[in-house]
Amino acid sequence: MRIREPDWLEHRMLKGPDTEINLHVFSAGVSEVEKMLRLRDWLRASPQDREKYAEVKRGLAARSWRHVQHYADAKSTVISEILARAGWIESE
């Protein structure tokens with residue numbers, strides 16, 4: 001386990017020793033899961049937004065970050081823009 005955030009939707013993030021994949025875990029019924037799935041599904045269906053997201057992530061990954069949360073926060077604007085095009089309403 002790399003991150004444990006009981007105060008934010010009981011979020012946990014796990015990472016295996018031989019992989020670059022981050023596994024995010026939430027409690028059942030948390031709306032953040034639907035939001036992440038909406039983003040995933042939209043990126044699979046939209047080549048333009050998929051490329052835009054990849055471009056932003058590549059640029060951010062090339063920088064040094066004191067905390068991984070700063071990197072995550074830096075992606076917020078592009079994620080919000082993409083989710084708006086995907087029809088996500090923040091109150092969902």
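Partner aspartates and glutamates whose Cα lies under 13 Å from the Cα of LYS57, excluding those fewer than 8 positions away in the same chain, are identified as ASP49, ASP73. Shown here: volume of the Cα convex hull per residue in Å³, derived from the displayed model; of the candidates [x] 122; [y] 196; [z] 178, it corresponds to [x]. Calculated mean residue ellipticity, 222 nm, the chain: -16000 deg cm²/dmol, from DSSP H runs (n ≥ 4) at -39500 (n - 2.57) each, averaged per residue and rounded to 500. The stretch between ARG40 and ALA72 holds 9.9 nm of extra length on full extension. This uses 0.36 nm per residue minus the Cα-Cα distance. Evaluated with a Cβ-only charge set (Lys, Arg +1; Asp, Glu -1), the chain carries a dipole of roughly 360 debye about its Cα centre, given to the nearest 20. Here r is the Cβ-Cβ distance between ALA84 and ARG58 and R0 is 25 Å; the resulting FRET efficiency, rounded to 0.05, is 0.70.
Here, each number is a calculation from the coordinates, and none is a lab measurement. None of these values were measured; they are calculated from a predicted model. Backbone-built Cβ (ideal geometry, glycine too); neighbour counts: all protein chains shown.
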